[in-house]
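Computed from the coordinates by the stated procedures, all read-outs in this text should not be read as laboratory data. Source: prediction; values computed, not measured. A quick note on method: Cβ atoms are made from the backbone with ideal geometry, for glycine too, and the neighbour counts reach across all protein chains shown.
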Amino acid sequence: MARNLWADIHLDAITHNYRLAKAQAPGARACAIIKADAYGHGAVAVARHLDREADAFGVACIEEALELREAGIVSPILLLEGFFEASELPAILSHQLWTAIHALHQIDALEAFAQEKGDLGGMAVWLKVDSGMHRLGLEPTSLATALARVKALPGVGEVVVMSHFASADEPDPNPTVGQLGVMDDILALHDGAVSLSNSAAVMVWPQAHWQWLRPGVMLYGGSPFGMAQPIADQLQPAMTLSTEIIAVRQVEAGECVGYGGTYRCQQPTRIGTLAVGYADGYSRHAPNGTPVYLSTGYATLAGRVSMDMVTIDLNAHPEAQPGDRVELWGRHVSVNDVARLCGTIPYTLLSGLTRRVKRRYL
Ligand SMILES: *Cc1c(COP(=O)(O)O)cnc(C)c1O
């Protein structure tokens, strides 16, 4: 008698997508980005599934990393923003995490810690440079000194230079070309590994592949591009969000459906009500006409998304009845398309699913 709203996670699709990412850059390693609970797919389950295959996992903070270690994940785990406070360093060392460094004060803290411990036990350090996004990272002019300091830390592991693109998913190549130019100058200083590529760059910027990829949204079948793209089109959706019809009614022509009456029936309309709403993470910005998929084919949203329910036009589905399953996104309705209709990106839809949505692993 439970509310029948499910996010089915297709773990094999995540493997397929991870391999597709690595196939773009033979010889490169790939840090599978599973921050934000693996973009809503469940970080522990995704990491368990990829633990033997992934070269490393990337998370946003130590809380996310420790959840994985407590679940028995043994692969390297990189803190993409490094540590926020020096007090995290003992746990980073004891749980064998890798840290990014994006500011000089983090180097000060790491030096003091290394001095105290005498040995960093092979901790890899990813030095992040601001090559033009201007969000996080060392100034290019301070990289030479920073690199020398990090490489001199006792017991430091692999030192990777990383940077992040602002616009690798945009049709205009100029911002990315500019960032690559900044990196080219910097890389004269560093003979070790380099990591620049998020999903978009994995797919469309081979010049940016270097030694370490950082695919995120593509692992889940999400596309960073607002349009078709040959590699993105080979991704498999890793989540099917589905629910059931909980009510069906006949509404007369001229009547309106839902909050604000934004949908007016042009003809007598069979309206189905679904058990999903914005408190589950189904965006309130989904407009009238957004597709959903029934076993008998597509239907469309009719009326505003409310907190716990949405309404759809069932005129093309005379047999549909309460209890029938409806896909909100997955293999028939692309989350990328739903995101575009909502004026957002698949990242926010996937990572925005709330605790009310039960995950089920297939
Ligand atoms: C989130 C993140 C990624 C992954 O980005 P996608 O666009 O999801 O592939 C890569 N690198 C860093 C530093 C990130 O924070």
Listed highest first by mean packing, meaning other Cβ atoms within 10 Å per residue, what order do 172-178, 265-271, 18-24 come in? 18-24, 265-271, 172-178
The answer for Trp126, listing residues at least 5 apart or on another chain whose modeled amide H is closer than 5 Å to its amide H, is Thr99, Ala100, Ile101, Val160
Angle between the chain longest axis and helix 104-117 axis [Cα atoms, degrees, rounded to 10]: 60 degrees
Around Pro140, what is the net charge, scoring Lys/Arg as +1 and Asp/Glu as -1 over all other residues with Cβ under 15 Å from its Cβ? -2
Shape call for the stretch 20-71, from the Cα gyration tensor axes a ≥ b ≥ c (a/c under 1.5 means rounded, otherwise prolate when a/b beats b/c, else oblate), comes out prolate
Assuming 0.36 nm per residue, please report the length gained on full extension of the stretch Ala247 to Lys117 beyond their Cα-Cα distance. 40.4 nm
Using only C-alpha atoms and all pairs of different ones, pull out the Kirkwood radius for the stretch 47-107 in Å with one decimal. 11.7 Å
Mind giving me the FRET efficiency for Glu158 and Thr300? R0 is 45 Å, r the Cβ-Cβ distance, nearest 0.05 is fine. 0.30
Net charge contributed by nearby residues that have their C-beta within less than 10 Å of Thr176 (K/R +1, D/E -1): -3
Picking from Leu187, Tyr278, Ile345, whose Cα lies most toward the positive end of the charge dipole for the chain (charges on Cβ: Lys, Arg +1; Asp, Glu -1)? Tyr278
Global geometry of the stretch 1-119, whether rounded, prolate or oblate, following the gyration tensor of its Cα atoms and the 1.5 cut on a/c: prolate
Note down the net charge around Lys22, summing +1 for each Lys or Arg and -1 for each Asp or Glu among other residues with Cβ under 13 Å from its Cβ. +1
For the stretch 323-357 versus the stretch 80-113, the gap between their alpha-carbon centres in whole angstrom: 36 Å
Work out the charge dipole of the chain with +1 on the Cβ of Lys and Arg and -1 on the Cβ of Asp and Glu about the Cα centre, then indicate which of Val357, Gln321, Thr290 is farthest towards its positive end. Gln321
Full-extension gain between Ser142 and Arg52, please, as 0.36 nm times their residue separation minus the C-alpha to C-alpha distance. 28.7 nm
Report the charge-dipole magnitude of the stretch 210-302 in Debye, nearest 20, computed about the Cα centre from +1 at each Lys and Arg Cβ and -1 at each Asp and Glu Cβ. 100 debye
By a straight-distance test (C-alpha under 22 Å), which lysines pair with Lys117 as possible cross-link partners, with residues fewer than eight away in the same chain excluded? Lys151
Alpha-carbon centroids, the stretch 180-203 and the stretch 1-63: separation in whole Å: 23 Å
With only Lys, Arg, Asp and Glu charged, each at its Cβ (+1 for the first two, -1 for the last two), find how big the charge dipole of the chain is about the Cα centre; round to the nearest 20 debye. 840 debye
Taking only the C-alpha atoms, wrap a convex hull around the chain and report its volume per residue in Å³ as a whole number. 144 Å³
Stretched out fully, how many nm does the piece from Leu187 to Ala279 gain, at 0.36 nm a residue minus the Cα gap? 28.5 nm
Scan around Met239 for amide H atoms under 5 Å from its own, H built in the peptide plane at 1.01 Å from N, and keep only partners 5 or more places away or cross-chain. His10
Cβ charges +1 (Lys, Arg) and -1 (Asp, Glu), total dipole of the stretch 25-117, debye: 360 debye
With x for Gly and Pro, the residue-by-residue ³J(HN,Hα) of the stretch 236-242, computed from phi through the Karplus equation 6.51 cos²θ - 1.76 cosθ + 1.60 at θ = phi - 60° and given in whole Hz, is 9, x, 9, 10, 10, 9, 9
Projecting each Cα onto the charge dipole of the chain (Lys/Arg +1, Asp/Glu -1 at the beta carbon, about the Cα centre), which of Leu120, Gly40, Leu196 comes out farthest on the positive side? Gly40
Anchor Lys22: lysines whose Cα lies under 26 Å away (excluding residues fewer than 8 positions away in-chain): Lys35, Lys128
Per-residue ellipticity at 222 nm attributable to helices in the chain (runs of n ≥ 4 DSSP H, -39500 (n - 2.57) apiece, nearest 500 deg cm²/dmol) works out to -7500 deg cm²/dmol
So how do His209, His285 line up by other beta-carbon neighbours within 10 Å, fewest first? His285, His209
